[in-house]
Every structure is written in C-alpha cells, then in structure tokens.
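Okay, structure first, notes after.
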Amino acid sequence: MMTMLDSLRRIVQQVNAAGDLNSALEVIVVEVCKVMGTEVCSVFLHDTATDRYVFMATEGLNREQAGVASLAPGEGLVAQVAKREEPLNLEAAEAHPSFYALPEIGEEAFSSFLGVPIIHQRRVLGVLVVQQQQRRRFDESDEAFLVTLSAQLAAIIAHAEATGEMSRHGIREFGTATFHGIAGAPGIAIGECVLVRGTANLDSVPSRPCADPEAEVAFFLQCLANVRDDIGRLAKHMAPQLRPEENALFDAYVSMLDDAAIGHEVIARIRGGEWAQGALSQVMLEHVRTFERVEDPYLRERAVDVRDLGRRVLSYLQDATEEDRHYPQNTVLVGEELTASMLAEVPEGHLVGLVSVRGSVNSHLAIMARALGIPTVVGAVDIPFTRLESQQVIVDGYSGDVVCNPSAELRGQYQTLRDQELQFNADIEAQGDEPCETLDGRRVHLMVNTGLLTEVSRSLKLGAEGVGLYRTEIPFLLRDRFPSEEEQRRIYREQLEAFHPKPVTMRTLDIGGDKSLPYFPISEDNPFLGWRGIRVTLDHPEIYLAQVRAMLKASEGLDNLRIMLPMISCLQELDEALALLYRAHDELLEEGFKLVKPPVGVMVEVPAAVYQARELARRVDFLSVGSNDLTQYLLAVDRNNARVADLYHSYHPAVLQALKSVAEAAHAEGKPVSICGELAGDPGAALILLAMGYDILSMGANSLARSKYVIRQVTTDQARQLLDRVLEFHHAREVQCAVDETLREFGVSPLLRSGSIV
Ligand code: PEP
Ligand code: MG
C-alpha cells in the first residue's frame with residue numbers, strides 16, 4: 001500500500017518535472033484529490049501586483065475560471081487562511097462568519113473545507129484548499145498531509161518563479177518591476193543585463209527550441225562519443241590500481257550513455273524540438289531524482305554518478321556552443337551564482353553592476369564587488385533572472401532593490417541620486433593626504449584589503465598605510481592549477497614592491513567554505529565547518545611550505561612582509577603552522593637568502609580564538625579580527641545564505657562583546673590588534689572600533705575615504721561615549737539606531753546609506 005510519504009514524494013517529483021507553473025498546479029490539484037479521496041482541490045496564489053488571491057487551478061470546480069477569478073484580501077475563507085497563516089478545517093464552511101462562495105467557480109455546494117497556507121520565507125504565496133459536498137471532518141492526518149505538501153510546494157513555487165522556469169499566469173511579460181535582494185556593495189548602477197550561467201551546471205540550463213533537430217542529434221552524439229573516450233582513458237589509467245569488480249564500474253558507467261539507455265531518451269527529446277543542452281539536462285535530472293528516491297543506499301549513491309555523467313556531456317555541449325558574449329558599455333551581470341572569473345571576463349570599464357540570486361552581505365562576491373566599487377545586489381532569490389537578458393535595470397546597492405524596465409521618471413530619479421553620490425565621493429576622496437586622526441589627535445591606521453586587483457595607486461592616494469589583508473587565494477582562484485613557488489614569488493613581490501616601504505600583510509591560503517578552487521574541489525555537507533583555511537594547508541604542508549617560501553623569498557631586500565594565519569581554532573594549529581614557517585625561514589637562510597623574520601599574526605575569526613586570544617597573542621606579533629567569519633560563527637548564521645541574512649548582523653551585542661575582549665586581550669599581551677573584516681569599512685563601526693582600541697582598520701579601497709572622513713569629525717571622548725552607550729544595548733537594531741543617530745549628529749548623514757552593508 002502506498003504510504004503518505006510515498007504519495008508526497010510522488011507528487012513533489014511530478015511537480016518538479018512539470019515545465020511551467022500551470023502544469024505544476026494542475027498536477028497538485030489532481031493528485032491531492034486522488035490521495036485524499038476528496039471532490040475538490042484548488043490553489044489560490046497571491047498576486048502582488050493586484051494584492052488579490054487568484055484562483056489558479058482546480059479539480060472539481062469551474063476550470064474555465066482558472067487564472068480569471070480572484071478574491072480580495074479580506075474576502076472569504078481563503079483570505080482567513082492567508083491572514084492567520086494557519087490551516088482552517090471546517091465541517092460546515094457556510095456556518096463560518098467569513099464564508100463567501102465565489103459564484104463563478106461553483107463552490108456553493110461544497111460544505112466541508114480544509115485550507116492551508118502556502119508560505120515561503122515568511123511570505124504567504126497562496127492557499128491550498130480541499131472541499132467536499134458531504135459533511136466531512138478532515139482528520140488530523142489529512143491536515144498534516146496537506147501542511148507537509150504545502151511546505152514543500154512553497155519552495156518549489158517560489159524557486160520556479162524566481163528562476164523564471166515557471167511563469168505565473170499573466171506576468172511573463174512584466175513592465176516596470178522591482179525585486180528585493182540584499183545590498184551587497186553600495187552605489188547605484190543603471191545598465192543592461194547580461195546573463196551568465198555557471199558552466200556544466202545541469203540545474204541552470206534553460207529550455208530552448210532548436211531549429212534543426214537532426215543536426216542537434218548528430219552534435220549530441222559527437223559530444224557523447226567524446227565523453228565515452230574520456231571515461232575509457234580514465235579507466236585505462238586507473239586499471240592497475242583497481243580490482244576487477246571496481247573496473248567493471250567504469251563499464252557500467254559508460255553503458256549508461258548507450259543509445260538503448262539514457263542517450264536514447266535525450267535523442268527523443270531533441271527530436272521533439274528541444275535543444276541538446278536542454279534535453280540532456282532534463283533527462284539527466286529526472287534520472288538523478290529517481291535514484292535519489294530509492295531506498296537502497298548503494299543505488300541512491302548512483303545519483304551522484306548520473307549527475308557527473310550529465311555534467312561531462314554538458315561540458316562538451318557548452319564548450320562547442322560557447323557563443324561570443326557581447327558586453328555592452330554599461331553591463332550589469334546577472335546570474336544565479338556569480339564568481340570572480342565571470343567578472344574577469346567583462347572587458348575593462350564595461351561592468352557597472354552585479355545581481356546575484358545567491359549569496360549574502362559577506363559572501364566573497366560581495367566583498368570583491370565592494371573592493372571594485374561595483375554596486376551590487378546579492379541574495380535576490382525572487383528575481384526571475386533567466387528572463388532578464390538584455391533588459392534595462394537599475395541596481396540600488398544601498399537598499400538591495402533591482403528595478404527592471406524602469407520608467408523614464410524612475411530612471412531620472414536614480415540618475416540624480418547617482419550624481420549626488422559621485423559628487424559626495426569626490427569631496428571626501430579629496431582629503432587623501434590628511435592624517436587619519438580624531439579631532440583630539442588620536443591616530444588610527446587605515447590599511448587596505450587586496451587580492452583581486454591591486455589598486456595600488458588608488459588606495460595609496462586614498463591614504464592606505466599598507467595592506468592589512470592580502471587574500472592570497474584570489475590569484476589561486478584565477479588559475480587552472482596551483483601556481484608554482486616561483487609564480488607565487490613573482491606575484492607576491494609585485495605586491496610588496498608596490499606598497500614598499502609600507503607593510504603588506506599576506507594571509508596564507510584560505511580556501512574551503514565558499515572559496516573552492518576549480519582544480520581542487522572540496523565537496524562537503526557543511527563547508528564552513530569543514531576543511532577550511534589553515535586546516536587544509538596543515539594537511540598539505542607542501543602547499544603551505546611553497547607558499548610561505550614564496551612570500552619570504554619575495555620579501556628579500558624589502559622587509560615589509562607580515563604573515564597572517566586564517567581560521568586558527570586551537571593553539572596546536574598555530575604551533576604547527578609556526579614550526580613549518582620557521583623551518584621554511586631557516587632553510588631559505590641556509591640557501592643563502594638574506595631575510596629578516598617577518599611579523600606573524602593570527603586571525604581571530606572562530607569563537608574559540610576569542611576565548612584564547614591572550615594565549616594566541618603571546619605566541620605571535622599581532623592579532624587581526626576577521627569579523628566576517630567571526631560574526632557567522634558566533635551567531636551560527638551562514639554568511640552566504642540569503643535565507644538567514646536578516647540574522648547576520650555584526651552589530652549584534654555578542655559580536656561587539658567579542659570584539660572588545662579581543663582588543664583587550666591583545667593589548668594585555670602588549671600586541672597590536674587590527675580588524676580586517678568588512679565591519680572595519682563601515683563608517684559607524686569605525687567609531688566603535690576606534691573606541692575599543694583597535695590599532696588598525698583594514699578595509700576595501702572604496703571604504704577608506706568614508707572611514708577617514710568620519711574619524712576626522714569626532715573626538716576620542718565622543719567615540720567612547722558612543723561605545724559605552726552601545727554596549728548597554730541588547731539588540732543589534734538598537735546599536736544600529738544609536739550609530740546612525742551619532743553620524744547624523746556629526747553631520748555625516750550622507751554616509752548613512754552605506755550603513756546597510758553590515
Ligand atoms: C573575515 O572572515 O572577516 C575575513 C577577513 O576573511 P574572509 O572574508 O576572506 O573570510
Ligand atoms: Mg575569514
């Protein structure tokens with residue numbers, strides 16, 4: 001007998017396989033009636049444009065009215081369910097005070113009613129209703145079934161709308177529309193969308209018609225043959241190390257591609273008019289889902305193989321069809337997940353804005369965008385990005401809004417805002433040569449975070465007194481293999497020379513988390529709690545040693561190198577890292593290099609390091625707080641996850657307490673302390689950090705001028721008063737308000753808009 005769980009799985013799978021929203025809803029209403037044995041099932045979806053609940057699909061009522069009839073927000077039981085955000089289960093619906101039967105859909109005769117809200121990320125998307133003529137009290141298990149189904153459907157409906165795979169009736173062609181994401185990098189951009197897709201990603205292949213199916217089939221078969229050859233070669237290469245039964249796996253793998261199996265299904269779909277990439281990804285994903293659903297764990301694992309196989313074929317299909325992308329002068333890159341290499345492909349001077357469906361405030365994409373000064377919105381989960389190609393958009397990197405097809409009036413308003421912003425930036429950047437000190441003469445050292453592009457002259461002009469964080473993984477990310485020791489030496493030398501005699505703080509390789517190298521993939525369930533930063537390099541001393549040797553060699557004769565270790569969570573890691581570093585130093589001396597010992601520091605970015613800050617400080621020359629990670633680990637909020645972005649707040653009182661205690665611990669050991677997370681570049685936070693005693697604030701080049709400007713407006717006492725005040729608060733919001741108020745008092749309110757970055 002089919003269990004409820006089986007029914008749920010089956011419905012969700014069918015909904016996933018549906019090509020558009022209407023057919024997905026059709027599946028839902030038909031299947032729910034069958035499973036629950038009821039006469040009517042309907043779906044109402046909320047239309048934000050009209051604020052009405054549109055009758056979208058039905059089994060049992062008047063289908064003609066689907067997409068036509070609708071209810072006002074206060075009307076009927078559906079509105080009740082939506083408003084109360086909980087199920088409503090009635091044996092006699094007509095007796096309920098809110099009962100209202102929409103005459104055109106023909107529901108008068110149905111007495112029993114069970115409605116459940118469809119909620120995604122606290123937003124009511126619609127209501128799922130079952131009805132029956134005969135009086136029936138839907139029981140607990142009916143209710144539980146519908147609630148479970150609705151929770152799963154909500155994510156599918158929201159995602160489908162967001163990606164544009166499914167379009168809600170009537171809004172496929174939209175006029176001016178505003179979508180909300182998270183402000184990633186401040187500024188306003190007005191430009192034209194260029195859509196980028198991750199390569200060989202089965203999940204992001206759009207469906208497209210093909211003009212010549214037979215040619216497309218031949219092309220597909222050619223790519224298939226290439227993959228078969230690749231796997232054959234791989235099998236041969238591995239054969240001596242494998243047992244015969246393991247070798248047989250390769251054969252099984254290859255045979256999945258045979259005409260009789262998956263290949264055949266793809267060809268049929270191409271002949272049906274779909275282009276090869278679309279046909280392949282649809283078929284492969286269906287098989288992946290089938291494998292994922294089976295009980296047997298061994299077979300379930302095969303889903304991974306099928307996905308891999310699909311990716312290999314897709315990669316050939318995409319390589320051959322890679323069209324020369326055109327980047328207009330005012331390109332706004334839009335994609336599900338944007339990466340550094342996608343940005344690098346845009347010709348210089350053409351990139352004005354970024355919109356990413358994934359990501360959050362302190363994702364590395366957002367950090368990079370801020371360093372480059374490109375207005376950015378991340379975590380725009382609801383944006384139908386596949387439908388934005390070539391459209392005009394406005395990216396508001398202050399509020400997180402993305403306006404598509406803006407009216408001339410709106411364009412004008414944003415243009416004015418942009419002009420004001422440019423003027424304000426020019427004004428504050430003119431203070432580049434002034435010292436960064438408070439009105440009473442307290443000096444704070446401002447340094448710059450580098451990695452993607454040096455921006456040397458710009459940061460020096462803006463008053464950077466050195467590099468507080470050079471993210472070495474970025475040159476690693478832009479290659480297709482590990483750079484050699486000599487290649488690294490050259491890159492590092494360039495950086496050290498550029499800032500000489502000012503100090504350059506180089507962080508050893510910090511991969512893992514959301515930074516995985518294309519040639520060294522790390523796949524984990526919890527990457528931020530996994531193999532990251534120092535953990536990777538200590539497990540691969542050859543990588544770590546080559547890197548520190550390259551840094552040390554590069555510093556010969558310049559002596560402005562500082563080395564910093566990321567993700568230290570215990571003293572043992574630090575001891576091991578130091579031992580290797582000193583060994584490399586000694587060996588280089590033996591090899592004849594003339595080197596001084598560089599100052600070495602530890603990044604405090606894991607809560608454990610906050611509690612052991614004194615012990616850490618005793619062993620090294622300086623501490624530097626990585627507030628991006630420290631915030632995510634203290635608050636247990638993935639810095640990359642848009643769903644919990646509201647909870648990620650570096651003004652959280654617990655974060656402020658941690659920051660204060662690290663500064664005290666470093667000073668108690670007589671060591672300087674810096675901060676190199678994004679918080680350092682927030683003008684309001686600069687005041688708090690200054691009062692806590694931070695010696696160095698290191699930030700993206702584009703934040704330097706603002707921070708210096710605000711520091712030069714206050715006295716140390718005023719900053720301390722603000723600190724004392726905010727330490728009393730229990731909520732991040734209160735801290736934010738107090739900081740905003742202070743900035744306003746000092747007449748620096750134009751900076752407030754940038755406050756949204758923390
Ligand atoms: C941090 O975590 O604050 C930091 C500076 O490092 P990254 O952002 O590169 O993880
Ligand atoms: Mg970090």
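Brief remarks follow.
- In the set (1) outside any loop (DSSP other than H, G, I, E, B); (2) touching a Phe, Trp or Tyr at 6+ places or on another chain (Cβ under 6 Å); (3) away from ligand 1 (no atom under 16 Å from the Cβ), R481 fails one condition alone, (1).
- Under the condition of being in contact (Cβ under 8 Å) with a residue 40 or more places away in the chain and surrounded by 15 or more Cβ atoms within 10 Å (Cβ to Cβ), the residues counted in the range 514-527 number 3.
- Every condition in (1) assigned to a helix (DSSP H, G or I); (2) open to solvent by less than 20 Å² (accessible area, probe 1.4 Å) is met by C41 except one, and the failing one is (1).
- Checked against the criterion of being in contact with a Leu (Cβ under 7 Å, 6 or more places away or on another chain) and more than 16 Å from ligand 2 (Cβ to nearest atom), the candidates V402, V378, V357, V352 yield just one match: V378.
- A608, sole failed condition from (1) within 20 Å of T472 (Cβ to Cβ); (2) within 16 Å of ligand 2 (Cβ to nearest atom): (1)
- Annotation for the range 610-626: no member residue is free of Cβ contacts under 8 Å to residues at least 24 places away in the same chain, open to solvent by less than 40 Å² (accessible area, probe 1.4 Å) and within 16 Å of ligand 1 (Cβ to nearest atom).
Residue by residue, here is whether (1) over 26 Å from the mean Cα position of the chain (by Cα); (2) assigned by TED's automatic domain parsing to the domain that holds M506; (3) more than 14 Å from I563 (Cα to Cα); (4) among the polar types (S, T, N, Q) holds:
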| site | (1), (2), (3), (4) |
| --- | --- |
| L589 | yes, yes, yes, no |
| V610 | yes, no, yes, no |
| E615 | yes, no, yes, no |
| F622 | yes, no, no, no |
| L634 | no, no, yes, no |
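- Residue in the range 549-572 that is nearest to ligand 2 (Cβ to nearest atom), counting only those that are crowded, with 17+ Cβ neighbours inside 10 Å and small (G, A, S): S569
- Residue check, V381 farther than 22 Å from H326 by Cα, in contact (Cβ under 8 Å) with a residue 24 or more places away in the chain and open to solvent by 10 Å² or more (accessible area, probe 1.4 Å): yes
- Some residue of the range 636-658 being at pLDDT 95 or above, open to solvent by 10 Å² or more (accessible area, probe 1.4 Å) and closer than 19 Å to R507 by Cβ: no
- Qualifying residue in the range 210-222 (condition: modelled with pLDDT under 85, in a helix (DSSP H, G or I), open to solvent by 50 Å² or more (accessible area, probe 1.4 Å) and out of contact with any Leu (no Cβ under 8 Å at 6 or more places or on another chain)): no
- Qualifying residue in the range 22-36 (condition: in the same structural domain as E107 (by TED's automatic domain parsing), open to solvent by 50 Å² or more (accessible area, probe 1.4 Å) and outside any helix (DSSP H, G or I)): no
- Subset of the range 666-702 [more than 24 Å from A738 (Cβ to Cβ), open to solvent by less than 10 Å² (accessible area, probe 1.4 Å) and away from ligand 2 (no atom under 16 Å from the Cβ)]: A666, A701
- Considering E64, E94, E86, E107, the condition of being among the acidic types (D, E), in a loop (DSSP other than H, G, I, E, B) and open to solvent by 70 Å² or more (accessible area, probe 1.4 Å) is satisfied by E86 alone.
- Leading residue by the ranking (nearest to G187 (Cα to Cα)) among those in the range 381-419 that are among the β-branched types (V, I, T) and in a helix (DSSP H, G or I): T416
Yes/no per residue for (1) modelled with pLDDT under 75; (2) at negative phi:
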{"site": "D319", "(1), (2)": "no, yes"}
{"site": "L333", "(1), (2)": "no, yes"}
{"site": "A340", "(1), (2)": "yes, yes"}
{"site": "A344", "(1), (2)": "no, yes"}
{"site": "E348", "(1), (2)": "no, yes"}
{"site": "L354", "(1), (2)": "no, yes"}
{"site": "G359", "(1), (2)": "no, no"}
{"site": "H364", "(1), (2)": "no, yes"}
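- Tally of residues being of a type in the set (S, T, N, Q) and part of a helix (DSSP H, G or I) across the range 517-543: 1
- V662 satisfies every condition listed in (1) part of a loop (DSSP other than H, G, I, E, B); (2) open to solvent by less than 40 Å² (accessible area, probe 1.4 Å) except (1).
- Unmet criterion (only one of (1) closer than 28 Å to R639 by Cβ; (2) in contact (Cβ under 8 Å) with a residue 40 or more places away in the chain; (3) crowded, with 16+ Cβ neighbours inside 10 Å; (4) away from ligand 1 (no atom under 15 Å from the Cβ)) for T472: (4)
- Every test in (1) outside any helix (DSSP H, G or I); (2) surrounded by fewer than 23 Cβ atoms within 10 Å (Cβ to Cβ); (3) polar (S, T, N, Q) is passed by T742 save one, and that test is (1).
- Some residue of the range 119-134 being closer than 30 Å to G373 by Cα, modelled with pLDDT under 90, assigned to a strand (DSSP E or B) and open to solvent by 10 Å² or more (accessible area, probe 1.4 Å): no
- Residues considered: A546, A498. Of these, the only one that is farther than 23 Å from D575 by Cα, assigned to a helix (DSSP H, G or I) and either within 16 Å of ligand 2 (Cβ to nearest atom) or among the hydrophobic types (A, V, I, L, M, F, W, C) (or both) is A498.
- In this structure, L460 does not satisfy being free of Cβ contacts under 8 Å to residues at least 24 places away in the same chain and part of a helix (DSSP H, G or I).
- Subset tally (residues that are within 25 Å of V352 (Cβ to Cβ) and in contact with an Asp or Glu (Cβ under 8 Å, 6 or more places away or on another chain)) for the range 412-460: 4
- Among (1) more than 30 Å from A155 (Cβ to Cβ); (2) within 16 Å of ligand 2 (Cβ to nearest atom); (3) assigned to a helix (DSSP H, G or I), the one test that L623 misses: (3)
- Test set (1) buried (at least 16 other Cβ atoms within 10 Å of the Cβ); (2) touching a Ser or Thr at 6+ places or on another chain (Cβ under 6 Å); (3) of a type outside the set (S, T, N, Q) - G76 fails condition number: (2)
The values are calculated or read from the model by the stated rules, or taken from the named source; none is laboratory data. All values reported here derive from a predicted model rather than from experimental measurement. Virtual Cβ from ideal backbone geometry, glycine too; neighbours counted across all protein chains shown. Note: accessible area is taken over every heavy atom of the protein model, side chains too, but ligands, DNA and RNA are not part of it. Shrake-Rupley method; radii C 1.70, N 1.55, O 1.52, S 1.80 Å.
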